[in-house]
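> Structure provided below as structure tokens; questions to follow.
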Amino acid sequence: MSEPAFILVRPQMGENIGAAARAMWNFELSRLRLVAPRDGWPNPRAVALASGAGRLLDHAGVYDDVAGAVADCTHVYATTARARDLLQRVMTPEAAMAEARALAAEGARPAILFGPERAGLENDDVARASRIVTVPVNPAFFSLNLAQCVLLLAYEWRRQADAAPSVTEERDRAAGIEVERLADHYEDRLDDAGFFFPPQKAPGMKLNLRAMFSRLALTRGDVQMLHGILRQLTRVRTEAGPRDRDDVDPGTGAA
């Protein structure tokens with residue numbers, strides 16, 4: 001079974017990275033990834049706090065952006081305490097890790113995103129996830145330390161070890177990089193067609209488009225078909241030309 005990748009997005013303090021590594025190793029999890037750590041990498045303060053979990057820091061992957069960090073992952077969970085306008089399913093840590101473990105048993109490659117200490121994940125980060133994980137905490141004091149949040153998810157993953165799989169999903173799930181390229185393809189072609197209008201709404205429309213692809217649980221075959229559909233539509237539109245399209249009666253569809 002593939003254990004989940006724990007991805008710390010733009011972490012600000014080396015101490016929290018080290019404490020997060022220690023929390024992961026408490027539950028035998030070792031796949032630590034870092035996205036653009038504020039103080040660079042490696043970080044001696046992280047080593048000091050990691051205690052006996054220094055091996056996780058030695059082998060941690062370091063990435064420039066979230067897209068790169070999830071490129072080989074098939075199911076991405078984003079931890080956040082804030083309400084979002086995106087439409088991903090919201091789950092508790094217990095439900096999310098039960099699902100992730102069941103999927104991993106079938107060959108999936110899950111990942112969990114944790115945001116920076118000050119403000120958490122941005123919408124652009126969350127848009128690359130298929131699920132949102134929210135810890136049911138005091139609504140008047142919902143801020144969790146980064147390492148605490150990592151500990152909660154690591155604990156739930158380990159606790160689900162003896163639970164029976166609760167979901168069945170195709171093994172051929174598209175990896176993050178495949179979904180990323182599909183979203184780029186559609187964004188480029190729709191941009192060319194003038195779809196993102198008016199200009200002030202374009203960023204939100206593009207974000208929602210990317211989030212939609214993340215929610216769809218696409219297989220590799222789905223991605224290939226959607227690429228093919230768009231290529232064919234673009235080719236037909238190019239071959240028809242503006243004159244041919246204008247000659248069609250919009251009421252009857254006839255020339």
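We did not get these values from a lab; they are worked out from the coordinates using the rules stated. From a predicted model like this one, the values you see are computed outputs, not experimental measurements. All Cβ positions, even for glycine, are placed from backbone atoms using ideal geometry, and neighbour counts span all protein chains on display.
> In a shell of Cβ-Cβ distance under 14 Å around Gln232, excluding Gln232 itself, what net charge do Lys and Arg (+1) and Asp and Glu (-1) give? Walk me through the intermediate numbers first.
Numbers: positive: Arg189, Arg231, Arg235, Arg237; negative: Glu239.
Result for the neighbourhood of Gln232: +3.
> Still on this structure, I have one more. Only sites in a loop by DSSP and with at most 16 other Cβ atoms within 10 Å count here; which trypsin sites (Lys or Arg not before Pro) in the stretch 1-83 make the cut?
Values: sites: Arg22, Arg31, Arg33, Arg38, Arg45, Arg55, Arg82; in loops: Arg31, Arg38, Arg82.
In loop regions of the stretch 1-83 (DSSP not H, G, I, E or B), the sparsely surrounded trypsin sites (Lys or Arg not before Pro) are Arg38, Arg82.
> OK, next. Taking amide hydrogens as modeled 1.01 Å from N in the peptide plane, which residues meet the under 5 Å criterion relative to Val62, leaving out close sequence neighbours?
Close amide H contacts, sequence-distant or interchain: Leu34.
> Can I get the semi-axes of the stretch 176-246's equivalent ellipsoid? Compute them from the C-alpha gyration tensor as square roots of 5 times the eigenvalues, in angstrom, largest first.
Values: eigenvalues 107, 66, 11 Å².
So the three semi-axes of the stretch 176-246 are 23, 18, 7 Å.
> On average over all directions, what projected area in square nanometres does the chain have, based on the convex hull of its Cα atoms? Mind showing how you got there, number by number?
Values: hull surface 67.1 nm².
One quarter of the hull surface, i.e. the mean projection, equals 16.8 nm².
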